[in-house]
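K.L.:
Right, I'll just put the structure down here and ask away after.
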Amino acid sequence: MTNDQKQNGEPIGLPLLSLIVPALNESVRLPPYLRTIRDYCEQKFDGGYEVIVVDDGGDDDLPGVLSRLWPDWPQLRVSRHQCNRGKGAAVRTGVGCSRGRLVLFADADGAAPIDQEARLRAAIDDGADVAIGSRLLPSAEVGCTRPWHRRLAGRLFAAVARRALGLPVRDTQCGFKMFRGEAARALFGASCEDGFLFDLELLMLANTWGLRVAEVPIVWREQPGSRLSFARECVKIVKGLRRLRWRRASLPCPPPDVPRRADSR
């Protein structure tokens with residue numbers, strides 16, 4: 001059977017879902033999440049999925065830990081950066097070697113239970129090109145374990161980013177986003193941001209290309225151990241937003257296999 005043969009418009013043998021998990025020194029928090037991922041995906045996708053963990057230059061031997069825990073899990077792949085390049089670069093690496101009709105990336109701490117993918121998948125099935133999990137919509141179920149000042153900083157950042165870049169969504173930074181496969185590979189192929197502002201760049205590209213973006217309320221359970229400090233990164237954030245705003249005038253056109261949609265605005 002050749003790669004050109006298709007069923008329902010998709011190449012036969014390709015996974016339905018590619019799940020990308022960027023990780024930096026996550027050998028403790030990631031394995032429990034991967035266990036839930038394996039159980040869920042085996043039940044829902046019957047082997048038709050792949051999990052790509054990208055070790056972003058950590059020093060905890062994550063690839064070795066995972067290979068010892070799951071030597072019998074063929075859907076699990078681990079890629080490794082030789083040095084730390086940033087979350088955006090890690091997700092880009094994973095998307096670049098993905099094969100799925102759908103591409104989802106999720107944070108390694110498991111704050112978004114894997115069963116929430118069904119909510120995003122329903123939005124894609126309804127015609128969205130990009131479905132982003134949201135913690136800020138009224139119907140989202142968010143565990144309020146984050147200190148009040150972090151919640152406030154996150155909301156302020158989202159509001160400033162939306163205004164600066166003209167984005168139509170409320171929660172730009174939620175680490176649980178799903179794409180049509182061709183849209184994911186095109187968006188990440190055109191992206192440049194290696195750090196945590198990569199979400200903004202992707203949404204800016206999607207908006208400019210006329211892709212349909214759906215914001216979907218999800219269950220989110222905040223986990224301890226976040227390394228991001230908005231106060232510490234304030235200068236980088238301001239510079240990054242300025243850089244992205246200037247870049248809006250020279251964004252690349254979408255490739256032919258990612259057509260604009262008339263109903264996307």
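The values are calculated or read from the model by the stated rules, or taken from the named source; none is laboratory data. Everything quoted here is computed from the prediction, not taken from an experiment. A quick note on method: Cβ atoms are made from the backbone with ideal geometry, for glycine too, and the neighbour counts reach across all protein chains shown. These area figures cover heavy atoms from the full protein model, side chains too; ligands, DNA and RNA do not enter into them. Shrake-Rupley method; radii C 1.70, N 1.55, O 1.52, S 1.80 Å.
K.L.:
Could you please tell me which pairs satisfy a Cβ distance under 9 Å, a separation of 6+ or placement on different chains, a first residue in segment 170-185 that is part of a strand (DSSP E or B), and a second residue that is acidic (Asp, Glu) and open to solvent by 10 Å² or more (accessible area, probe 1.4 Å)?
P.N.:
Phe176/Asp107
K.L.:
Six or more apart or on different chains, Cβ atoms under 8 Å: show the pairs whose first residue is in segment 145-169 and over 23 Å from Gln223 (Cα atoms) and open to solvent by 100 Å² or more (accessible area, probe 1.4 Å) and whose second is at pLDDT below 75 and in a helix (DSSP H, G or I).
P.N.:
Filtered contacts from segment 145-169: no entries.
K.L.:
Oh, and also: Go through segment 111-129 and report how many residues are over 18 Å from Arg180 (Cα atoms) and crowded, with 20+ Cβ neighbours inside 10 Å.
P.N.:
2
K.L.:
Moving on. Of all residues in segment 195-227, which are in a loop (DSSP other than H, G, I, E, B), at pLDDT below 95 and touching a helix residue (DSSP H, G or I) at 6+ places or on another chain (Cβ under 9 Å)? Don't jump to the end; show me each part of the working.
P.N.:
So in segment 195-227, the residues in a loop (DSSP other than H, G, I, E, B) come out as 195-197, 210-212, 218, 222-227.
Adding the requirement that they be at pLDDT below 95 leaves 195-197, 210, 222-227.
Once the filter is applied, which keeps residues that are in a loop (DSSP other than H, G, I, E, B), at pLDDT below 95 and touching a helix residue (DSSP H, G or I) at 6+ places or on another chain (Cβ under 9 Å), segment 195-227 yields Gly195, Phe196, Leu197, Glu222, Ser226.
K.L.:
Another question about this same structure. Out of segment 98-110, which residues are buried (at least 21 other Cβ atoms within 10 Å of the Cβ), touching an Asp or Glu at 6+ places or on another chain (Cβ under 6 Å) and part of a loop (DSSP other than H, G, I, E, B)?
P.N.:
Matches in segment 98-110: Ala108 only.
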